[in-house]
Structure formats: structure tokens, C-alpha cells
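Novice: Submitted below is the structure of interest, expressed as C-alpha cells.
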Amino acid sequence: MQQRKITFIGAGNMAQAIVAGLVSSGYPASLITVCAPSEHHRAALAARYGVNHHGDNAAGAHDADVIVLAVKPQLMAEVCRQLAATVDFSGKLVLSIAAGVNVSRFYALLGENLAIVRIMPNTPSLVGKGLSGLFAPSGVSESDRAFSADLMCAVGKICWVEDESGINGVIAAAGSAPAYFFLFMDAMQQQAVSMGFDEPTARMMVLQAASGAAALAEANPDQPFSVLRQNVTSKGGTTAAALQVFEQQQLNHTIAEAMQAAVARAEEMEKSF
Ligand SMILES: NC(=O)C1=CN([C@@H]2O[C@H](COP(=O)(O)OP(=O)(O)OC[C@H]3O[C@@H](n4cnc5c(N)ncnc54)[C@H](OP(=O)(O)O)[C@@H]3O)[C@@H](O)[C@H]2O)C=CC1
Ligand SMILES: O=C(O)[C@@H]1CCC=N1
């Protein structure tokens, strides 16, 4: 991939996940800078991955080719205004990973000619298993699109969305989704402990079942999830008894409502931030 100087504004969970994935995929750490107010956070990240760090966003972004905006959505406007006061964005590519801040907002904050790509990643990027959705408005160059795609391919898989609203669908299906699985796994672990297992054994069982199920699905790309589920379900057996409870409790309906709530919240944030 092209090697450009990248500055992350924000050094939290998601920035760390991308930095870690990038560095372990061989991207030169010397080309990466992270900026955040807390010296403790950014210095820890710098020490761990060998990247540069800065407490002053504008100084850190000044000579970057690519600026990754990785602060919380509610801080984005203030951070952008401060950057715009001193940093010349012409010739720079801006990547925003924030939920609920749309491209038109960035044009208003940083200028209409901005080269910007919105990216919706998720935290498994930390271990190279991320999923990122990307949206580029018309006018973004092929070279900038390719760089954005290569960057996120270094930490997982990607998909492009044609319309910006597709980013909110990516949030519901992938960005927020690791939390849904952790919720499920946590509940299963708690129940296994209630059934008499110690916590490490309960965690191992649940984790191995989850990662094993994911690996099985990956190894059988032509088999729908529903068929893989049927393969576990003996007629009149234990799995059928468990699945019947999920069905009675309308788990599918709950999942649909939860994903719709994630989209609705993203849309609400677009109006607020
Ligand atoms: N977490 C996730 O799973 C995902 C998050 N996102 C998006 O990523 C973005 C960041 O989320 P996440 O990493 O979870 O958040 P965190 O709270 O973990 O990190 C936020 C970072 O922003 C830094 N920060 C705060 N104020 C400033 C400032 N004025 N200038 C520079 N940096 C600042 C914080 O600094 P300090 O370290 O000093 O506190 C911290 O490092 C959000 O917009 C979110 O929507 C997108 C997809 C998935
Ligand atoms: O919860 C959030 O708003 C962010 C976006 C997707 C995952 N975390």
C-alpha cells in the first residue's frame, strides 16, 4: 500500500485498534502519530506500538498526509474548528471514523473542497479481524479511495457503501455488533457459572463455542447460517429445546429492534453533532 504520514486525532479504543492492526501488518510505526490530551494514554500507546505522539492536535496534524478523526462525535465540531484555525487541509486526506457525523458537517467545519472518506470500523481491528464500511463522496480521488481501502484492509475486511446512509447500516451490523456478541457471551458465561463451572472454564467453553462457530461459518461460505444451525439441532434434542426458548421470547424480533435502535441513534446524532 502507499505509505503516507498518518495522524490520529484521538488515541482511544478505536484509534488503538487501528494503530495496533496497522503496525502488526507491517505499516511503518514511524509514519504514524497519535494525538490526545492525556499524556498517559498517548504515551502508553506510543510505547506499545512505537508510534509518535503529540499533545497538540494541530502540531501533530501539520505535516500529515492523512488525518484520522477518532474523537467522540460530541467533540468532533470543537476539535475540527480548532484544527481548521491553523492547519491547511488542501492536499490532505481526512478519514472520519465517528458515528453520527456526516460529510456535509465536515464540509461546513473544514471546507467544501475537503477530501474526506467516512469509515465505520469495529474493535476487532485490534486483532486483524475488523470489518470497516467505507463511504467516499464523489470527488474523492481514486488514489485516496485506494489508500483508505488498503488502510482498513490491513486490519480486517471492508465493504464500500454507495450512499452515506449505508454507514448507519454498517454501524448496526458490524460497528456496534461486537458488543452484542459480548453481551450474549457474558450471559452464557454467567449461566455456566450458575451451573457449577468455575469462571475460567465457563469462559473457555463459551469462547471456544463462539470462535468455533465463527470458524465453521468461515470455512463453509456456501452454507447459510440457518443450515449451520440445523446441523447442530437434533430432532427432539437439547438444541431444539434451547432454540424453542429463543423463539418463544422472539429473539429475532429483539435483534431487529436493537439494530434499528442503533440506526435511529446514529440518525439522531447526525442532527445533534
Ligand atoms: N469503540 C468502537 O467500537 C467504535 C468507535 N467508533 C468511533 O470512534 C470514535 C472514538 O471512539 P472510541 O475510540 O471508542 O472513544 P474513546 O473514548 O476510547 O477515545 C476517545 C479519544 O479521544 C481523545 N480526545 C478527547 N478530547 C480530545 C481532543 N480535544 N483532541 C484530541 N483527542 C481528544 C481522548 O483522549 P484521552 O485519551 O486523553 O482521554 C481519547 O483518546 C467515536 O467517534 C466513535 O463513534 C467507530 C466504530 C467503532
Ligand atoms: O457506540 C458507538 O456509538 C460507537 C459506534 C459503533 C461502535 N461504537
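The values are calculated or read from the model by the stated rules, or taken from the named source; none is laboratory data. Worth saying up front: this structure is predicted, and the values here are computed from it rather than measured. All Cβ positions, glycine included, derive from the backbone under ideal geometry; neighbour counts span all protein chains shown. What goes into the accessible areas is simple: the full protein's heavy atoms, side chains included, and nothing from ligands, DNA or RNA. Shrake-Rupley method; radii C 1.70, N 1.55, O 1.52, S 1.80 Å.
Novice: Give me the strands (runs of 3 or more DSSP E) completely within the range 90-192, filtered to those with at least 1 residues that are within 16 Å of ligand 1 (Cβ to nearest atom) and out of contact with any strand residue (DSSP E or B) (no Cβ under 7 Å at 6 or more places or on another chain), ordered by residue number.
Specialist: Strands (runs of 3 or more DSSP E) meeting the threshold: none at all.
Novice: Report whether or not Ser90 is within 16 Å of Phe135 (Cα to Cα) and either free of Cβ contacts under 8 Å to residues at least 40 places away in the same chain or among the acidic types (Asp, Glu) (or both).
Specialist: no
Novice: Looking only at the range 78-96, decide whether some residue is basic (Lys, Arg) and either in contact with a Cys (Cβ under 6 Å, 6 or more places away or on another chain) or open to solvent by less than 30 Å² (accessible area, probe 1.4 Å) (or both). Spell out the reasoning first.
Specialist: Taking the range 78-96 first, the residues basic (Lys, Arg) are 81, 92.
Narrowing the set further to residues that are either in contact with a Cys (Cβ under 6 Å, 6 or more places away or on another chain) or open to solvent by less than 30 Å² (accessible area, probe 1.4 Å) (or both) leaves 92.
The answer is yes; a qualifying residue exists.
Novice: Quick one: what pairs do we get from the range 234-263, first residue under 21 Å from Leu183 (Cβ atoms), second open to solvent by 50 Å² or more (accessible area, probe 1.4 Å) and not β-branched (Val, Ile, Thr), C-beta under 8 Å, 6+ apart or different chains?
Specialist: Partner pairs satisfying both residue conditions: Leu243/Arg229; Ile255/Tyr180; Ala258/Tyr180; Met259/Ala173.
Novice: Let me ask something additional. Which one of these does Ser148 not meet: (1) free of Cβ contacts under 8 Å to residues at least 40 places away in the same chain; (2) over 18 Å from Tyr180 (Cα atoms)?
Specialist: The one condition Ser148 does not meet is (1).
Novice: Those residues that are over 14 Å from Phe8 (Cα atoms), modelled with pLDDT of 95 or more and not small (Gly, Ala, Ser), I need them from the range 40-78; list them, please.
Specialist: Residues satisfying the conditions are Arg48, Pro73, Gln74, Leu75, Glu78.
Novice: Going by what's in this entry, would Leu216 be described as touching a Leu at 6+ places or on another chain (Cβ under 8 Å) and closer than 24 Å to Met259 by Cβ?
Specialist: yes
Novice: Another question about this same structure. So which of Gly128, Gly133 ends up being in contact (Cβ under 8 Å) with a residue 12 or more places away in the chain, on the phi > 0 side of the Ramachandran plot and under 13 Å from the mean Cα position of the chain (by Cα)?
Specialist: Numbers: Gly133 fails: on the phi > 0 side of the Ramachandran plot.
Going through Gly128, Gly133 in turn, just one is in contact (Cβ under 8 Å) with a residue 12 or more places away in the chain, on the phi > 0 side of the Ramachandran plot and under 13 Å from the mean Cα position of the chain (by Cα): Gly128.
Novice: Within the range 109-137, which residues are closer than 18 Å to Ile9 by Cβ, of a type in the set (A, V, I, L, M) and either open to solvent by 30 Å² or more (accessible area, probe 1.4 Å) or within 12 Å of ligand 2 (Cβ to nearest atom) (or both)?
Specialist: Ile119, Met120
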